[in-house]
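Step one of this worksheet: look at the structure below.
The values are calculated or read from the model by the stated rules, or taken from the named source; none is laboratory data. None of the values given here were measured: they were computed from a predicted structure. With ideal geometry, Cβ positions are generated from the backbone for all residues, glycine too; neighbour counts draw on all protein chains shown.
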Amino acid sequence: MGLRGLMLKIFLLFAFLQAADLATTVAVFNLGGVEENPLIKHFMVLGPVQGVLLAKLAALAIGTACYFASKRRALILTNIVFAGIVAWNLSIIARLV
């Protein structure tokens, strides 16, 4: 597999983690949880789900730019961070149910 194939796999994982963050964040909202990230809170003037969706679209735009610029390390580090965020969201869900 070449570098482009590896980049595609890393980017697809990035996109999956963005979707997982969106889904788990919405689940937290549905269970009565709140958003604690101040940056995301700014987007939430549109509504909680709409704000998080807007943030995810912005993240996907940045991730797409990283993919086309072959910023492999940036995507890998971002994937590690978002895997942690999704795990955190799952732990919040477990506490709220």
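A few remarks follow.
- Filtering Phe82, Phe29, Phe11 for residues that are in contact with a Gly (Cβ under 9 Å, 6 or more places away or on another chain) and of a type in the set (A, V, I, L, M, F, W, C) leaves a single hit, Phe11.
- Residue within region 27-38 that is modelled with pLDDT under 95 and part of a helix (DSSP H, G or I) present: yes
- Taken over region 84-97, the residue count meeting the criterion of being among the aliphatic types (A, V, I, L, M) and surrounded by fewer than 15 Cβ atoms within 10 Å (Cβ to Cβ) is 5.
- Scan region 7-23 for residues that are surrounded by fewer than 18 Cβ atoms within 10 Å (Cβ to Cβ) and either closer than 20 Å to Ser91 by Cα or free of Cβ contacts under 8 Å to residues at least 40 places away in the same chain (or both) and the total you get is 6.
- Any hit, region 46-56, residues being in a helix (DSSP H, G or I), of a type in the set (Gly, Ala, Ser), free of Cβ contacts under 8 Å to residues at least 60 places away in the same chain and farther than 16 Å from Leu8 by Cα: yes
- Check on Leu17, under 15 Å from Leu75 (Cβ atoms), in a helix (DSSP H, G or I) and not small (Gly, Ala, Ser): yes
- Residue that is of a type in the set (Ser, Thr, Tyr), within 30 Å of Gly2 (Cβ to Cβ), assigned to a helix (DSSP H, G or I) and at pLDDT 95 or above, where the choices are Thr24, Thr78: Thr78
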